[in-house]
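In what follows, a structure is listed as structure tokens, so that the remarks can point back to it.
The values are calculated or read from the model by the stated rules, or taken from the named source; none is laboratory data. This is a predicted model, so every value here is computed, not measured. Cβ: placed from backbone, ideal geometry, glycine included. Neighbour counts: every protein chain shown. Surface accessibility is based on the protein's heavy atoms, side chains included, excluding ligands, DNA and RNA. Shrake-Rupley method; radii C 1.70, N 1.55, O 1.52, S 1.80 Å.
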Amino acid sequence: SSAFQPNLLGVVLISVAHFQTSSPAVAVGEGSLADPESMEGMAHYVEHMLFMGTKEYPDHYEYSKFIKMHGGSNNAYTADEVTNYYFEIDHSALEGGLQRFSRFFVSPLFDKTYLQKEKNAVNSEFNKNLKNDWWRLGRFVSSLSEATHPNRKFNIGSTKTLASVKREDVIKFYRNYYSSNNMKLVVMSNKPLVEMRKLVEKNFSDVPNFNIKRPKYNDHYFKKSETDRLHYVKSIRDQESLHIIFDIPDEVPYWQSKPTEIIASLIGDEGRGSLLSYLKGKGWALELGSSTGSYWRRFSISVTMTPAGRKNHKEIIKSVFAYIDF
């Protein structure tokens, strides 16, 4: 692990002989929280536009086609503070894959021919998620954020929120955040580390460094007037779920000790004397889960309730907090 690239691109190389395929990934240190107020969904849209050809490989099918021809697959996702691009491919084609992949971060075309097409693609994702309870709940909880906090923004985007976006807006966003000093590259393969390092230096040394500084965000974003309140959200599926949600400080500084994962494991335990065993004994719950990381700086405890549990949901809440206090 190092920033051996002259442009300060952080690099981690992992060589394991029994890996079946090679798998590179680039994480850009910004996501939907950076969306301009008047262009919600911009980070997600830029992610889409990066696949629409580069100077060296202008055919927007070239990257995906090459990877599929060599037994692989590719994808990307936009989160709150990171946008991640990744693929896997046969070991023998890693060099060709890296050549095409690296150009995303050096010479994307942002071809205006595809501006509306990709707005439509983003909008299709939005429409698909309208019937997804997980996305609906996430959007509702975000709406409880302070009006000035970026966590309140609509992160997926639609043809409506992106209507005014022009090519120059895409280029501006890309230039503001897609800087080598704001990226991390990981490459996993069965190839020797020396060979992997040469491939990375050859293909990623010219990723431009604009020396940007990542924005810092307030950890706590819920309105104080909205805390300690019970909200009722109508679900699509016929399922009764209870979610107790906290905004929490940034977990990254504690990546080695992982305190929130330990807490989640303790609360989510299913053994004798656990919270779930108590709720099941009462006939109130079918499942219980506790997690962090599904949403930005959010810790949640989720209970799938029985009909009896639905009638006693306030007692379930009291039980959860009593278990935490204990």
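Numbers below:
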{"item": "Residue-wise HN-Hα coupling along region 150-161, computed from phi with Karplus coefficients 6.51, -1.76, 1.60 (Hz; x: Gly, Pro)", "result": "x, 5, 6, 5, 7, 7, 6, x, 7, 5, 6, 6"}
{"item": "Orientation-averaged projected area, Cα convex hull of the chain (nm²)", "result": "18.9"}
{"item": "Set of region 7-42 residues, backbone N closer than 17 Å to the point 7 Å along the Cα-Cβ line of ARG175", "result": "36"}
{"item": "Protein accessible area in region 171-284, 1.4 Å probe - carbon and sulfur %", "result": "52"}
{"item": "Average accessible area per residue (Å²) across region 193-261 - probe 1.4 Å, nucleic acids and ligands excluded", "result": "77"}
{"item": "Cut-off 13 Å (backbone N to label point 7 Å along Cα→Cβ of TYR77), residues of region 115-149", "result": "135"}
{"item": "Backbone N within region 270-313 under 18 Å of label point (7 Å from VAL252 Cα along the Cβ vector)", "result": "292-299"}
{"item": "Largest-first principal axis extents, alpha carbons of region 261-317, Å", "result": "32, 23, 15"}
{"item": "Computed log₁₀ I(q)/I(0) - Debye formula, equal Cα scatterers, no solvent, region 113-175, q 0.13, 0.22, 0.26 Å⁻¹", "result": "-0.44, -0.99, -1.10"}
{"item": "Carbon + sulfur, % of accessible area of region 1-137 - ligands and nucleic acids excluded, 1.4 Å", "result": "54"}
{"item": "Student exercise, region 189-269 dipole from Lys, Arg, Asp, Glu Cβ charges, in Debye to nearest 20", "result": "440"}
{"item": "Cβ-placed point charges (K, R +1; D, E -1), dipole of region 218-326 about Cα centre in debye, nearest 20", "result": "440"}
{"item": "Cα-centred dipole magnitude for the chain, charges only on beta-carbon of K, R (+1) and D, E (-1), debye, nearest 20", "result": "560"}
{"item": "Per residue accessible area in Å² of region 1-126, where ligands, DNA and RNA are left out and the probe is 1.4 Å", "result": "41"}
{"item": "Equivalent ellipsoid semi-axes, region 176-325, via Cα gyration tensor eigenvalues times 5, rooted, Å", "result": "42, 20, 14"}
{"item": "Ranking by accessible area, most exposed first, for TYR217, TYR77, TYR61, TYR178 with a 1.4 Å probe", "result": "TYR61, TYR77, TYR217, TYR178"}
{"item": "Solvent-accessible surface ranking, highest first, for VAL233, VAL11 at 1.4 angstrom", "result": "VAL233, VAL11"}
